[in-house]
Structure formats: structure tokens, C-alpha cells
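Have a look at the structure below, then the notes.
The values are calculated or read from the model by the stated rules, or taken from the named source; none is laboratory data. Just so it is clear, the model here is predicted, and its values are computed rather than measured. Glycine gets a Cβ as well: all are built from the backbone with ideal geometry, and neighbour counts include every protein chain shown.
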Amino acid sequence: MSEINEDPANFALSLQDADPATLRSILEIHWERICNRLQAEVGEVEYRTWLKQITLGPLEEDELTLYLPTRFLRDWVRAQYNSKLNQLWNNELAQIRRVELMLADANQTASTAPIPVTSAPPTATTVASESENSSQPQVEQNSEAKPEEIRLDFHSHLDPRFTFENFVVGKPNEFAYACSRRVAERPASPGFNPLFLYGGVGLGKTHLMHAIGFELAKTGKYSVTYMSAEKFMYRFIASIRSQSTIEFKEELRSVDVLIIDDLQFLIGKDNTQEEFFHTFNALVDAGRQIIVSADKSPSDLSGLEDRLRTRLGCGMVADIHATTYELRISILEAKAAAAKVEISPKVMEFLAHKITSNVRELEGALNRLIAHANLFGRPITLEVTQEVLHDILKSHERRVTIEEIQRKVAEHWNVRLTDMSSARRARSVARPRQVAMFLAKQLTSRSLPEIGRKFGNRDHTTVMHAVSRVAELIEKDPAFAEDVELLRRMLES
Ligand code: ADP
Ligand code: MG
């Protein structure tokens, strides 16, 4: 074990005796490298269309399972990329002799559930401004007529697809966006260092951080390093094992902008936290910019050392809220336009209503539709959408039942569960009941009559009235809107 150095490939040695969480991390790191390689080999479009959907499954002895969300995708990937995937995995980890491509089962238990492989940042990225036919028009736009190419440092790990230009701004993210823009314009200014971005998964934290990094790296004046907290830990441990901690520290402390993603990963990892704390202090004291993301605010990140928590909250703390319907529509419009695919407003509305969890899932659904449209040359109708996204839509529906909605809403406003179906009309119970109907319409696929039946056999027009009344109140009353939003979030999580 003492021979292990920073190269992730050397962690292969410890595969057998790794605990499940470590094993998973190791596999993920290798998978990220493989994805980078695949992306480089097959090209961006091909990768996004077919391979980005692959998720990691379990490793059993010498066989690794990879999942695909639909039969169609699985068959395609099996036919086209089976040997490539086998070869790449075997090169990464000699223990892996076979790669099995399987259909992801919607009912998988949490422990074996596939881990979505998020858009892995490509390595050594060179973005040539003359690349007219590249699939990244947004990069061309913001190259500000610079004649020379924008060269990203290999170590920056920045993904030039995540730019400010293709970040869609709406109410839930406008503050975080403005702060990010500000830091990209004037890094390390007082009040903005560190910049701490937090919010739920798939809402654009990583995107914004890459965008800041990319803006700054583009000027040629700053060296920028992006790293997930997990990778930070991994590299830190590797440096201890290879007795190169000094080099590791020096390397980190020499950057102008350090971006650490998903800091919550460091909870419970005391030594790594300590190391990060020192790096943090050294950089901030030297007038460098630090940008950190996490799933919670600094004060809610219990399990982080107090002194680190305090320092993290010292600069600008900006949260990204759950998406609103309007933002989802804007995102769909922007992404469809960027892909030059026409999608009817009806289909967009349907998607924005059904896929409410986060932008990542919304984007995934849209990408699949686009791939399908390109492949079969069929226009994307509502029927095609339902067919192609069958599995995604199903998993979203499965999440919430009307009973759960009634229970949560009743708890929230402290009314009896039986009042959800009782005939009482006092405002104190009628309003929560209306909210429950509204949420039932939003979060389940039940029809209005079906919903009515679950609420003490009410008529579908009563449900309709409740839905429009609640929508009206949401517009008028921000406190009420927040209540409903909170309930929706609780029900969806
Ligand atoms: P997080 O880091 O918060 O989990 P990401 O930044 O990885 O989320 O975002 C998930 C996906 O959604 C990415 O592909 C990202 O480009 C996209 N995305 C998120 N928010 C937006 C937005 N406001 N506009 C455009 N794309 C977005
Ligand atoms: Mg992220």
C-alpha cells in the first residue's frame, strides 16, 4: 500500500479490501476518466446521445455492471460500444474482465441503485475560437474576438460547456448567478471571498462554478483549479501515502482561484477537513479567491468543524432554490433552441409539469427526446414524449401518493387528516384541503375526478376550482407560496 501515489490507477491495488463506500468512490473516479476518454474518442454529440446515460452498477468479482435507462439504449450501447467499454475498463482496472450492460430496474434498492454519472469534466480542454462547426456555439460567442485560442490548464478541470451564457436565469437562481458574475469580474474582493453556493442537487451549482472558473481562466491572468471535495480528499490521502503532501499543499496554494465542489462530502472526514481549513486560510490570506458549494448553508452543515463553518460563512453565501415552473420552461426553451430542435409548447409544458425535481433530470429527459427525434426524424408529439420518457415519468409518479400529500398537508397546517375528506367548509380546513388538491394535481398523474373521489367524493369541478384558487394565491401571497413550495419539496424528496 505504501507504493500508492496520486495516480488513481494505483488504487486498483486496494480494490479487494476496500469498504463499499470507498470502492464506489474508486470506481467513480475511474469512470470519470473513462467518460473523458469516451467523450474525446466518440465526440461530444455521440457521447451525450448514447453514453452519458450510463450509470455505474455493482462490481462483483471481475464483472462490472453498467446500467442504461431503457431497453433501446441498452441494446444500442451493447451493439456499438460493448467492446470499447470492456477495453477501457480493463485498461483502467485490470481486475475488471467483463462489463455487463443491463437495463436499470426502476425498483432497485438504494444500495444498488445506479449512481448517475454526471457530466464529467473533460480533461485538457482546448477551445479553439475558430471551431465553427463545434457543438459548443456558446463558447464561440463569448470568445470576445480573441484571436488566439483559449487554453485551459490541464489541471483546471474546467468544463467549457458550463458557461454563464448558457445558464438560464430565473427567480430561484438569480442571486447566486449575480454573485457568481460579480466574482468572475472582480475575484477576491472583500465581501465575496469565499463565495459559498448552496442548494439541492441538480440545480446548477457546479455549472455556475465552472462558469466563474472559465471566465477567469479565459483572461489568462488567473490560474484556476476546480476539484470536488471528494477528489480533494482522495488526492490528499494519496499524497500522504506517497509522502508528497508538501507538493500537494504547494500546488494548491499556488492557485489564484480554488473551486471546491460538494463540500458536504468532507463531513466526518476530520483530517481532510483540517487540511482544507489550512489551505483555505492560506489562500484567503494571500488574497486568492475561494469558491465552495454544498448542499446546505454553512450553518446547517453540522458535522463540519466550527472554525471552518465560521470561515465559510464569512464571505458571500448564496442559495439556489428549487426550480419554478417558469424557470423550467425557460430552460427547456433555451436547451431546445441550442440543440436546434423544435419542441411544441405543449410538450414543454408537459415536461415542466412532470419533471419538477431538478434541472439535471429535466435536461436528461430533453436530451433523450432530442436524440430520439434526430434518430427517427419524427416530430416530438406528446405521445412520443410519453413513450420515450416512460421510465422517467413513471419514477416521478411513483414518488407521491394522494394519501401522502393529504397527510403532509394536514400536518403542516395542523388539521385532522379526516378533514381532507370531510364536508367542513371553515377556511382553516378548506384552504389546506385546496392545497392538497392542488399538489395532487401537480405531483401525481391522477385525473380531476380521481382526485375529487379521494377528497370525500367531491366533484371534479371542485378540484378544478381549488387548483386555480391556489395558483392565484401563490401569485398574490409570497408567504403562502413559500408554504406550498416547501410542501412540494418535502413531498418530492
Ligand atoms: P448541481 O451541481 O447543483 O448538482 P449542476 O450544476 O451539475 O447541478 O446542474 C445539473 C445540470 O443542469 C447541468 O447539466 C447544468 O448545466 C444544468 N443546469 C442547471 N441549472 C441550469 C440553468 N439555470 N440553466 C441551464 N442549465 C442548467
Ligand atoms: Mg454539482
query: How many residues does the stretch 170-194 hold that are more than 28 Å from residue 325 (Cβ to Cβ), hydrophobic (A, V, I, L, M, F, W, C) and touching a helix residue (DSSP H, G or I) at 6+ places or on another chain (Cβ under 7 Å)?
result: 3
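Right, residue 223: over 15 Å from residue 318 (Cβ atoms), within 16 Å of ligand 1 (Cβ to nearest atom) and not hydrophobic (A, V, I, L, M, F, W, C) or not? Even if it seems obvious, please write down each step before you answer.
Numbers: over 15 Å from residue 318 (Cβ atoms): yes; within 16 Å of ligand 1 (Cβ to nearest atom): no; not hydrophobic (A, V, I, L, M, F, W, C): yes.
No: the conditions fail for residue 223.
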- request: Evaluate the stretch 244-261: report whether one residue or more is at positive phi and within 16 Å of ligand 2 (Cβ to nearest atom).
  value: no
task: State whether one or more residues within the stretch 268-288 are among the aromatic types (Phe, Trp, Tyr) and farther than 22 Å from residue 221 by Cα.
output: yes
- prompt: Does residue 215 fit the bill of being in contact with a helix residue (DSSP H, G or I) (Cβ under 8 Å, 6 or more places away or on another chain), closer than 22 Å to residue 300 by Cα, more than 9 Å from ligand 1 (Cβ to nearest atom) and part of a helix (DSSP H, G or I)?
  reply: no
task: Report, ordered by the first and then the second residue, all pairs with beta carbons closer than 9 Å, sequence separation of six or more or different chains, a first member in the stretch 32-51 that is more than 21 Å from residue 230 (Cβ to Cβ) and polar (S, T, N, Q), and a second member that is modelled with pLDDT of 85 or more and assigned to a helix (DSSP H, G or I).
output: 49/367; 49/368; 49/370; 49/371
- request: With the checklist (1) within 21 Å of the chain's Cα centre (by Cα); (2) modelled with pLDDT of 95 or more in hand, flag the one item residue 336 doesn't pass.
  value: (2)
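Could you tell me whether the stretch 169-177 includes any residue that is part of a loop (DSSP other than H, G, I, E, B), out of contact with any Gly (no Cβ under 7 Å at 6 or more places or on another chain) and near ligand 1 (Cβ under 10 Å from one of its atoms)? I'd like the intermediate steps shown before the answer.
Residues of the stretch 169-177 part of a loop (DSSP other than H, G, I, E, B): 169-170.
Narrowing further to those that are out of contact with any Gly (no Cβ under 7 Å at 6 or more places or on another chain): 169-170.
Filter again for near ligand 1 (Cβ under 10 Å from one of its atoms), leaving 169-170.
Yes, because at least one residue in the stretch 169-177 is part of a loop (DSSP other than H, G, I, E, B), out of contact with any Gly (no Cβ under 7 Å at 6 or more places or on another chain) and near ligand 1 (Cβ under 10 Å from one of its atoms).
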field: Sole exception among (1) more than 20 Å from residue 404 (Cβ to Cβ); (2) of a type in the set (Asp, Glu); (3) under 32 Å from the mean Cα position of the chain (by Cα) for residue 485, by number
entry: (1)
message: Take the residues in the stretch 54-108 that are among the small types (Gly, Ala, Ser) and under 21 Å from residue 29 (Cβ atoms); name whichever of them is surrounded by the fewest Cβ atoms within 10 Å (Cβ to Cβ).
response: 94
statement: Across the stretch 435-486, the tally of residues that are closer than 19 Å to residue 418 by Cα and not small (Gly, Ala, Ser) stands at 14
Filtered residues of the stretch 183-212 (kept if more than 13 Å from ligand 2 (Cβ to nearest atom), in a helix (DSSP H, G or I) and crowded, with 24+ Cβ neighbours inside 10 Å): 183, 212
task: State the number of residues belonging to the stretch 389-420 that are at pLDDT 90 or above and in contact with a Leu (Cβ under 8 Å, 6 or more places away or on another chain).
output: 9
task: Spot the failing condition for residue 240; the list is (1) in contact (Cβ under 8 Å) with a residue 24 or more places away in the chain; (2) of a type outside the set (D, E, K, R); (3) outside any strand (DSSP E or B), and only one is missed.
output: (1)
task: Give me the pairs, please: first residue somewhere in the stretch 291-303 and within 14 Å of ligand 1 (Cβ to nearest atom), second residue anywhere and among the charged types (D, E, K, R) and not in a strand (DSSP E or B), beta-carbon distance under 7 Å, and either six or more positions apart or on two chains.
output: 293/205; 293/262; 294/262
field: So residue 422, is it of a type in the set (Gly, Ala, Ser) and in a helix (DSSP H, G or I)
entry: no
- prompt: Consider residue 228 against the criteria (1) free of Cβ contacts under 8 Å to residues at least 40 places away in the same chain; (2) more than 16 Å from ligand 1 (Cβ to nearest atom): it satisfies all of them except one. Which criterion is unmet?
  reply: (2)
